[in-house]
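This report refers to the structure that appears directly beneath it.
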Amino acid sequence: MKTPTRFVAELTEEQREELRELMKTANEQVRRRAHAVLLSSRGYSVDRIADIYEVDRDTVSHWLDHWEDDGTTGLHDQEGRGRKTTLNQKEQKQAIKIVEKDPRSSKRSLTKIEEKTGKKISRDTLKRILKKGHKTWKRLRRSLRGKRDEVDFQAAKAELAGFRAEAEAGEIDFYYFDETGFTLDPCVPYAWQTVGETIEIPAASSDRINVLAFLSPDLRFHPFVFEETVDSEIVIACFDHLSQIITKPTLVVIDGAPTHKSDAFQARLEEWEARGLYTYLLPAYSPELNLIEILWRMIKYQWLPLKAYQSFKDLMRLLIQVLKGVGSKYQIDFAH
């Protein structure tokens, strides 16, 4: 005699949405159980669901029972189930501290963890523990932060916050100014590639595209592109242009680049101020305060496609496309 099948009660739209969300975010076991409930609601028999997931029909029945008893909560593993971790919570914290003292060598850390706890774990296990502890593997960053005057830095940070508030109130306009360069030496050294195959790009040439730009916190963007070397006269020409189009008092944040401190540039400050254009010189070693630096990183590491590095012509064409899209197609949130 064939065992009669059963189906879950008709689902509400809210229940369906909860189950779909579990299928997007939960682990594999919970996703299977959520899908089984959805399949049952669509008329799939217990036997058919069991065939789909290659499990016993009793297992599927238990999934449906847990759903009907406790909803989505019943689809999760109960506390205490599953394989026990090699290191307990205290030992995992000890492992994280060991890695913090020597963050560049997993091998040495694994040895010290075994010496400390008497337990041997794999590199993959350590990786899971570190991720759980909010650690991530990424490049170290070279920084001159230690050379700056922290008092000057904090004072400038506070002043800039005040200027931004004035700009948001419409009292002034506010821009960050900076220069950067783009070459065929790509700023994206890593890419997913098929095993056994290598994505190749041409060797870099010495050609360089220089971009100077003004960027406001609300993403008004005025870029200038040059192939020649940037000198004080080019920078002055950019500031002259901005001074001719501003409609209210305007403050421009600049760093201590030689072109900004040159006699030629300094000699024009009074003339620009008469037009309502003022400059604010950042303290040394404070790139974090010039938010246009974020824009350059986004362009180089995210927005420029890899094919831009096939030729200088492609680099110029695709870079211009990205620059034209800043503020519309390409967005940055400076709120945080």
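The numbers here are math on the coordinates, done by the rules we state, and not lab data. Because the structure is a prediction, the values reported are computed rather than measured. When we count neighbours, we look across all protein chains shown, and the Cβ atoms used for this are built from the backbone with ideal geometry, even at glycine.
Taking the Cα atoms of region 234-306, the ratio Rg/Rh between the radius of gyration and the Kirkwood radius comes to 1.03. When the Cα positions of Leu306, Ala284, Gln154 are compared along the charge dipole of the chain, Leu306 comes out farthest toward the positive end, with charges on each C-beta of Lys, Arg, Asp and Glu. Of all aspartates and glutamates in the structure, those lying under 14 Å Cα to Cα from Lys116, and not within fewer than 8 positions of it along the same chain, are Glu91.
Sum -39500 (n - 2.57) across every DSSP H segment of at least 4 residues in the chain, then divide by the residue count to get the 222 nm mean residue ellipticity, nearest 500.
-13500 deg cm²/dmol
Rounded to the nearest 0.05, the FRET efficiency derived from the C-beta distance between Arg16 and Asp47 at R0 = 30 Å is 0.85. Computed from the Cβ-Cβ distance with R0 of 56 Å, the FRET efficiency linking Lys324 to Asp77 stands at 0.65. Pairwise alpha-carbon distances in the chain exceed 36 Å for 52% of all pairs.
Given the chain, what percent of its DSSP beta bridges are antiparallel, to the nearest 5? The partial results should precede the final answer.
On the way: 14 of 24 bridges.
That works out to approximately 60 percent antiparallel.
In a simple Cβ point-charge model (Lys, Arg +1; Asp, Glu -1; nothing else charged), the chain has a dipole of about 2100 debye relative to its Cα centre.
The trypsin sites (Lys or Arg not before Pro) of region 13-59 that DSSP puts in a loop, and whose beta carbon has at most 13 other beta carbons within 10 Å, are Arg42.
Distance from the alpha carbon centroid of region 208-249 to that of region 275-336 works out to 12 angstrom. Taking the Cβ of Leu282 as the centre, find all other residues whose Cβ is under 13 Å away and add up their charges (Lys, Arg: +1; Asp, Glu: -1). Net of charged neighbours comes to -4.
Hydrophobic, long helices, defined as DSSP H runs whose alpha-carbon span along the helix axis is 24 Å or greater and whose mean Kyte-Doolittle value is at least -1.0, occur in the chain at 150-168. Checking the cross-link pairs Lys248/Lys324; Lys135/Lys300; Lys248/Lys300; Lys248/Lys307 against a 30 Å limit on the alpha carbon distance flags Lys248/Lys300; Lys248/Lys307 as lying beyond it.
Considering only chymotrypsin sites (Phe, Trp or Tyr not before Pro) in DSSP loops that have at most 12 other Cβ atoms within 10 Å, the longest stretch of the chain without any of them is 193-336.
In a simple Cβ point-charge model (Lys, Arg +1; Asp, Glu -1; nothing else charged), region 252-336 has a dipole of about 600 debye relative to its Cα centre.
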